[in-house]
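S.K.: After the structure tokens below, expect a handful of questions from me.
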Amino acid sequence: GRNDELRIDGHGGVYHSLLKFDLSAVEKGSVEQAVLRLYAVDGSPSGGTFVVTTDSDWSTHRVSWSTAPSADGQIIETLGEVVPYQWVEIDLHKIAQDLGGESLSIRIAPSHGLRCAYSSSRDRLGHLPQLLIKADLFAGMT
């Protein structure tokens with residue numbers, strides 16, 4: 001939580017990263033589209049595997065390797081090549097209908113031994129992780 005990078009690495013020390021978005025204000029079943037945007041600060045032939053965690057009850061400053069939620073939910077995507085100093089977009093269409101009413105927690109695990117890094121919520125230049133949602137505000141109304 002104190003680092004300005006979300007690092008993933010399977011070779012030079014094992015690094016996984018966690019993301020969490022509070023979606024309690026979004027009505028479940030109303031999300032039509034969702035896109036996760038991350039700013040790459042380090043390029044790699046492999047950008048990691050993005051997996052939903054079923055446990056979203058963790059805090060940035062209290063989570064550790066032993067208390068971190070497992071990557072035990074649906075695999076969203078495994079990225080190929082990531083170019084540094086560009087935005088990367090991950091389409092969340094596989095899980096869009098399940099979003100809302102609670103936090104979304106994602107674990108990013110290395111899919112290759114090489115390092116990759118994205119800007120975190122601590123990025124000094126403002127390249128914060130973004131979750132863009134298009135919702136039908138009238139979904140569920142009869």
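The values are calculated or read from the model by the stated rules, or taken from the named source; none is laboratory data. All figures in this text were calculated on a predicted structure; none of them were measured in a lab. Note that each Cβ is placed from the backbone with ideal geometry, even for glycine, and that neighbours are counted across all protein chains shown. Note: areas computed on protein heavy atoms with side chains; ligands, DNA, RNA excluded. Shrake-Rupley method; radii C 1.70, N 1.55, O 1.52, S 1.80 Å.
S.K.: Provide, as a two-decimal number, the C-alpha radius of gyration of the chain over 2.2 N^0.38 Å, N being how many residues it has.
M.R.: Taking the Cα Rg and dividing by 2.2 N^0.38 Å, one obtains 1.04.
S.K.: Expressed as a whole percentage, what fraction of the accessible surface of the range 17-86 belongs to carbon and sulfur atoms when a 1.4 Å probe is rolled over the protein heavy atoms?
M.R.: The computed percentage sits at 47.
S.K.: Just to confirm the filter: which chymotrypsin sites (Phe, Trp or Tyr not before Pro) across the range 42-142 are DSSP coil and have at most 11 other Cβ within 10 angstrom of their Cβ?
M.R.: When the chymotrypsin sites (Phe, Trp or Tyr not before Pro) of the range 42-142 are filtered for loop state and at most 11 Cβ neighbours within 10 Å, Trp65, Tyr85, Phe138 remain.
S.K.: Quick one: net charge around Trp65, please, counting Lys, Arg +1 and Asp, Glu -1 for every other residue with C-beta under 14 Å from its C-beta. Walk me through the numbers on the way to the answer.
M.R.: On the way: positive: Arg7, Arg62, Arg107; negative: Asp9.
Net charge in that neighbourhood comes out at +2.
S.K.: With every protein chain kept in the model, how would you rank Thr67, Thr49, Thr54 by accessible area, 1.4 Å probe, largest at the top?
M.R.: Putting Thr67, Thr49, Thr54 in descending order of accessible area: Thr54, Thr67, Thr49.
S.K.: Distance between the C-alpha centers of the range 1-35 and the range 77-112? Whole Å please.
M.R.: 7 Å
S.K.: Turning to a different aspect of this structure: Counting pairs of alpha carbon atoms under 8 Å apart in space and at least six apart in sequence, what relative contact order in percent does the chain give?
M.R.: 45 percent
S.K.: Can I ask one more? Write down the accessible area per residue of the range 1-132 in Å², having rolled a 1.4 Å probe over the full set of protein chains.
M.R.: Accessible surface, normalised per residue, equals 54 Å².
S.K.: What is the local net charge at Val51, summed over the other residues whose Cβ is closer than 13 Å to its Cβ (Lys, Arg +1; Asp, Glu -1)?
M.R.: Neighbourhood net charge equals -1.
S.K.: Once you list every other residue whose beta carbon is under 14 Å from the beta carbon of Lys134, what net charge do they have if Lys and Arg are +1 and Asp and Glu are -1? List each step's numbers first, then the result.
M.R.: Numbers: positive: Arg37; negative: Glu27, Glu32, Glu89, Asp91, Asp136.
Once positives and negatives cancel, what remains is -4.
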